[in-house]
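Q: Below: one structure in structure tokens.
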Amino acid sequence: MLIAVLLTSLIGNVGAVSISFPLAYALSISLETIGHPFYLAMAFGASAAFLTPISYQTNLIVYGPGGYSFKDFFKIGLPVTIIYLTMSLTGIIYLYKDYLMP
């Protein structure tokens, strides 16, 4: 999930999914469990485009006219990302606790 967040902040969500999906698939195979929670974590991580203005198109739309800087995006985006990841990971664990914890 964290790899997808870092990648989506730099190269966008499509590139983040393209790179992190094989990692999630390999992890689910090596742990001999279903891949659904890992794929969801990857998808939620790739959707967390709050840290930089280059991570999503609408961030770029407001970046110039709003007079924002990279520091502004990081200052607000970091707490939002932490809350978003905590809530999504909690939901994934709650939904798939029978598969993840024997």
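Q: Taking neighbour counts of Cβ atoms within 10 Å as a proxy for exposure, in what order, fewest first, do Ser9, Ser18 appear?
A: If I rank by nearby Cβ atoms, fewest first, I get Ser18, Ser9.
Q: On C-alpha positions alone, give me the angle between the axis of helix 13-30 and the longest principal axis of the chain, in degrees, nearest 10.
A: For helix 13-30, the angle is close to 20 degrees.
Q: What share of all Cα pairs of region 2-100, in percent, falls into each consecutive 5 Å distance bin?
A: All Cα pairs considered, the percentages come to 2, 14, 21, 20, 17, 11, 7, 4, 2, 1.
Q: May I pose another question? Ranking Met87, Met42 by Cβ neighbours within 10 Å, fewest first, what do you get?
A: If I rank by nearby Cβ atoms, fewest first, I get Met87, Met42.
Q: Grab the beta carbon distance between Ile76 and Ile11, set R0 = 25 Å, and tell me the FRET efficiency rounded to 0.05.
A: 0.75
Q: Going by alpha carbons, how many degrees (0 to 90, nearest 10) lie between the helix axis of 70-95 and the longest principal axis of the chain?
A: 20
Q: Test of understanding: what is the full-extension gain from Ser69 to Leu23, defined as 0.36 nm times their sequence separation minus their Cα-Cα distance?
A: Result for the pair: 13.3 nm of gain on full extension.
Q: For region 46-102, state the semi-axes of the equivalent ellipsoid (square roots of 5 times the eigenvalues of the alpha-carbon gyration tensor), sorted largest first and rounded to whole angstrom.
A: Semi-axis lengths for region 46-102 are 32, 10, 6 Å.
No value in this document is a laboratory result; all are computed from the given coordinates. None of these values were measured; they are calculated from a predicted model. Note: ideal-geometry Cβ built from the backbone for every residue, glycine included; neighbour counts use all protein chains shown.
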